[in-house]
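Take a look at the structure below.
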Amino acid sequence: MSGVTLRLDTATWRAHLRAVADATPGLVPVIKGNGYGFGLARLASEAQLLGMDTLAVGLPSEVVAVRDAFDGDIVILNPWRQDDQHATELARDPRIISTVSRLGDLEILANVGGHPRVLCEALTSMHRHGINVSDLPGIEAMAEYVRIEGWSIHLPMAGDTVAEAIRLAGACRSAHAAPLWLSHFPAQAVHQLPNPDAVRLRHGTQLWLGDPVSRRTTATVLDVHRVRRGDHAGYRQRRIPHDGWIVVVAGGTSQGVGLEAPSSASTPRQRAISVATGGLAAAGRALSPYTIDGRKRWFVEPPHMQSSLVLLPDDATPPDVGDEVPVELRLTTATVDQVVDA
Ligand SMILES: *Cc1c(COP(=O)(O)O)cnc(C)c1O
């Protein structure tokens with residue numbers, strides 16, 4: 001086994017998933033994109049294990065990756081559009097709930113036949129997708145031709161979103177009585193909503209990634225080379241500033257290794273300190289997300305596609321080829337080579 005590995009303490013992770021499920025009214029797990037680093041199929045089987053009756057994907061193309069591992073209903077979060085043939089085929093599938101974000105689209109979908117199951121999305125202060133409040137009453141005329149499973153409300157993560165949700169929920173329910181499906185709404189405020197027993201809360205990040213102690217990401221050391229100050233290395237043949245080692249580690253742009261660690265010198269203050277102290281950042285170098293011999297180390301140059309060159313100073317102890325070193329990854333953008341359960 002080599003490459004970039006996500007190591008899971010499976011029992012601890014599942015205890016966290018269970019705790020979130022128990023604390024969340026009508027939880028709908030969101031499983032989309034890179035599968036939050038775990039992969040779509042893996043999360044679908046976790047949702048099945050959790051006993052969920054519904055999960056949500058982002059795109060129609062993601063349905064195929066979850067539908068065999070999970071036997072409940074599948075919501076497609078991205079709004080249905082008539083030019084997407086696949087989305088229209090799926091809309092006729094009894095396990096699929098499509099999201100509709102324009103009155104005109106609902107009208108077209110109503111004419112597809114077979115009473116597609118839909119969530120009607122109301123426009124929030126996100127200004128992403130949704131039907132304007134003033135157009136909500138137009139829904140009622142279509143309710144005969146589609147199965148309206150609920151209202152979809154996608155809230156931002158800043159501002160008084162509880163007040164906004166309550167306001168919108170009122171407008172939605174006076175247009176058509178149906179359950180509320182909310183994203184980024186706090187569980188402890190659900191009782192303030194109309195008909196709280198029918199509320200569904202959708203969670204991705206907080207569910208799958210909310211327990212960082214249950215996982216570790218590591219990368220395999222592929223090669224180690226002795227270098228001297230003044231040597232040149234890498235595609236760009238940049239000058240090596242001091243004696244040391246070049247450590248070639250697994251992981252590059254394709255696995256989601258960024259030019260900087262998600263938590264590296266990213267604030268202006270940290271950058272200012274780096275310049276003031278003559279740190280390598282001042283010389284145009286970036287701190288890598290790899291920890292070798294106890295510290296984050298500097299990139300020799302930007303990550304390659306599937307590996308990275310990292311510079312280890314002379315006073316550090318170089319790793320052996322084949323060692324696993326910690327790498328900090330943003331799991332919503334990373335694609336690991338394997339997930340290992342322990
Ligand atoms: C992606 C998405 C979610 C999940 O977001 P997280 O921040 O990962 O919980 C919820 N609702 C909608 C509509 C989404 O598109």
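The values are calculated or read from the model by the stated rules, or taken from the named source; none is laboratory data. Owing to the predicted nature of the structure, the values given are computational and were not obtained by experimental measurement. Every residue, glycine as well, gets a Cβ built from its backbone with ideal geometry; the counts of neighbours run over all protein chains shown. Calculation scope for accessible area: heavy atoms of the full protein, side chains included, ligands and nucleic acids excluded. Shrake-Rupley method; radii C 1.70, N 1.55, O 1.52, S 1.80 Å.
Taking a sphere under 13 Å around the Cβ of GLY26 and counting the other residues whose Cβ falls inside, with K and R at +1 and D and E at -1, yields a net charge of -3.
Average projection, convex hull of the Cα set of the range 1-103: 8.2 square nanometres. Among ARG200, ARG92, ARG236, whose mean-square fluctuation peaks in a Gaussian network model of the chain (Cα, cutoff 10 Å)? Per the Cα network of the chain with a 10 Å cutoff, ARG236 tops the list.
A Cβ-based charge dipole, computed about the Cα centre of the range 200-240 with Lys and Arg at +1 and Asp and Glu at -1, lands at about 200 debye.
Using the Cβ-Cβ distance between ASP293 and ASN111 with R0 = 56 Å, the FRET efficiency computed as 1/(1 + (r/R0)^6) comes to roughly 0.30. With 0.36 nm allotted per residue and the present C-alpha distance subtracted, the ALA19-ARG226 stretch has 69.6 nm of extension available. Distance distribution note for the range 302-342: the fraction of Cα pairs above 13 angstrom is 74%.
When the charge dipole of the chain is built from unit charges on Cβ atoms (+1 for Lys and Arg, -1 for Asp and Glu) and taken about the Cα centre, the candidate among LEU90, GLY37, ALA219 whose Cα reaches farthest toward its positive end is ALA219. With the charge dipole of the chain set up from +1 on Lys and Arg Cβ and -1 on Asp and Glu Cβ about the Cα centre, the Cα lying farthest toward the positive end among the listed residues TRP13, GLY230, VAL249 is that of GLY230. Dividing the helix sum by the residues of the chain, where each DSSP H run of 4 or more adds -39500 (n - 2.57), gives a mean residue ellipticity at 222 nm of -6000 deg cm²/dmol.
Round to the nearest 10 and give me the degree value, 0 to 90, for the angle of helix 10-23's Cα axis relative to the longest principal axis of the chain. Result, in degrees: 30. Label reach from SER134 (point 7 Å along Cα→C-beta): in the range 69-101, no amide nitrogen lies under 14 Å. Along its principal axes, the range 122-242 has C-alpha extents of 75, 31, 30 angstrom, given from the largest down. Of the beta bridges in the chain, as assigned by DSSP with both residues counted there, near 45 percent are antiparallel.
Taken as Cα centroids, the range 114-167 and the range 194-258 sit 38 Å apart, rounded to the nearest whole angstrom. A Förster distance of 35 Å, applied to the separation of the beta-carbon atoms of ASP93 and MET157, puts the FRET efficiency at 0.65. Label reach from ALA233 (point 7 Å along Cα→C-beta): in the range 305-342, amide nitrogens under 20 Å belong to 305-328.
When SER2, SER183 are compared by accessible surface with a 1.4 Å probe, the order from highest to lowest is SER2, SER183. How charged is the neighbourhood of GLU324? Take every other residue with its Cβ under 13 Å from the Cβ of GLU324, and add Lys/Arg as +1 and Asp/Glu as -1. Here the charged neighbours net out to -1. Just round it to a whole percent: the fraction of Cα-Cα distances in the chain exceeding 28 Å. The share of Cα pairs beyond 28 Å in the chain comes to 53 percent.
Relative to the longest principal axis of the Cα atoms of the chain, helix 40-49 runs at roughly 60 degrees.
Rounded to the nearest 20 debye, the dipole magnitude of the chain is 980 debye, with +1 charges on Lys and Arg beta carbons, -1 on Asp and Glu beta carbons, and the Cα centre as origin. When the P(r) is computed for the range 59-143, the part past 23 Å accounts for 22% of the Cα-Cα pairs. At a probe radius of 1.4 angstrom, the accessible area of the chain per residue rounds to 45 square angstrom.
Taking Cβ atoms as reference points and 10 Å as the exclusive limit, the residues near TYR290 contribute a net charge of +2, counting Lys and Arg as +1 and Asp and Glu as -1. Among 318-326, 96-104, sorting by the average number of other beta carbon atoms lying within 10 angstrom of each residue, highest first, gives 96-104, 318-326.
Placing R0 at 22 angstrom, the Cβ-Cβ distance between LEU49 and VAL213 gives a FRET efficiency of 0.60 after rounding to 0.05.
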